[in-house]
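Contents: one structure, followed by commentary.
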Amino acid sequence: MSENLSSKLENKRKNIPQDSGLGLPSSYNDTKIAILPKDPVTVFSYWEFPQELRSNLGKKYGSNFDADSLAVRVYDVTGIKFNGKNANRYFDVLVNSKAQSWYINVGVVNRAWCADLGYILKNGEFVFITRSNVLEMPRHGISDVTDEKWALIQSEFEKLLAVPDGVDANSLGVVKIMRRRREEIMNISSSTNIKNPTGKKDPKGPRRK
């Protein structure tokens, strides 16, 4: 006699692994801060540190300590080997004392950054906890580096875009022609006809490789 539907469901339910309660921990009892790029002007920072550290700082600095003064100090380290004291500039961002992550707008593009996590005492002193990685932000805008080998001289470009004689410029056949010309433009980039787009000689003469 075959099992009915309710019996089959009950057997499947028994075979489902039960939740052991061993999910991912909210923290790993570590002391660290890391920064990642969100976009060219926004840094995502996340951190953790043992809660006992906050208590110890409160005991050490007494009434000068404010448990709600957790801050991320952001350093502009563009073009330097950062040693903690030679930043181009820095600014502080007060964060929620219970937070473990924060988005920071750095305000400028194409820079490198590093961050310290710490507390700002009532007298203005910054109490260091831990330092992040150095982050070079993704480039914003078009690169100012040009490569002549991808350029076409004007006469070649006009020739490729010209509609052949005898072809109606308003016909659908032009679409196919222009599609084929696009492929030619892509292929000519590696041909021997590649030159300076102005057709002029480089006043500096040939470049050494």
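Derivation of every value follows stated rules applied to the coordinates shown; laboratory data play no part. As the structure is a computational prediction, the values presented were derived from the model and not from experiment. Backbone-built Cβ (ideal geometry, glycine too); neighbour counts: all protein chains shown.
For Arg89, put the label point 7 Å out on the Cα→Cβ axis and report which residues of the stretch 101-141 keep their amide N under 12 Å from it.
Residues passing the 12 Å test: 106-109.
I need the semi-axes of the equivalent ellipsoid of the stretch 32-136: take the C-alpha gyration tensor, multiply each eigenvalue by 5, square-root it, list largest first in whole angstrom.
On the way: eigenvalues 123, 42, 26 Å².
The three semi-axes for the stretch 32-136 are 25, 14, 11 Å.
May I ask you to order 30-41, 88-99 by the average number of other C-beta atoms within 10 Å around their residues, highest value first?
Details: 30-41: 15.2, 88-99: 12.8.
Ranked by mean Cβ neighbours within 10 Å, highest first: 30-41, 88-99.
Counting Lys and Arg as +1 and Asp and Glu as -1, what is the net charge of the other residues whose Cβ lies under 10 Å from the Cβ of Tyr61?
On the way: positive: Lys59, Lys60, Lys122; negative: Asp66, Glu125.
Around Tyr61, the charge tally is +1.
In the stretch 32-136, how many lysine pairs have Cα atoms under 23 Å apart, counting only pairs 8 or more places apart or on different chains?
12
What's the exposure ranking of Tyr61, Tyr103, going from fewest to most Cβ atoms within 10 Å?
Working: Tyr61 16, Tyr103 10.
With the fewest neighbours first, Tyr61, Tyr103 line up as Tyr103, Tyr61.
Excluding Leu121 itself, calculate the net charge of residues whose Cβ lies under 14 Å from the Cβ of Leu121, where each Lys or Arg counts +1 and each Asp or Glu counts -1.
Details: positive: Arg54, Lys59, Lys60, Arg73, Lys122; negative: Asp66, Asp68, Asp92, Glu125.
My count for the surroundings of Leu121 gives +1.
Using R₀ = 30 Å, calculate the FRET efficiency as 1/(1 + (r/R₀)^6) where r is the Cβ-Cβ separation of Lys122 and Lys81; round to 0.05.
Values: r = 33 Å, r/R0 = 1.12.
Plugging the Cβ-Cβ distance into 1/(1 + (r/R0)^6) gives 0.35.
List residues of the stretch 31-56, by number, whose backbone nitrogen lies under 12 Å from a label position 7 Å along Cα→C-beta of Ala67.
Within reach of a label on Ala67, which here means backbone N under 12 Å from a point 7 Å along Cα→Cβ, the stretch 31-56 contributes 51-56.
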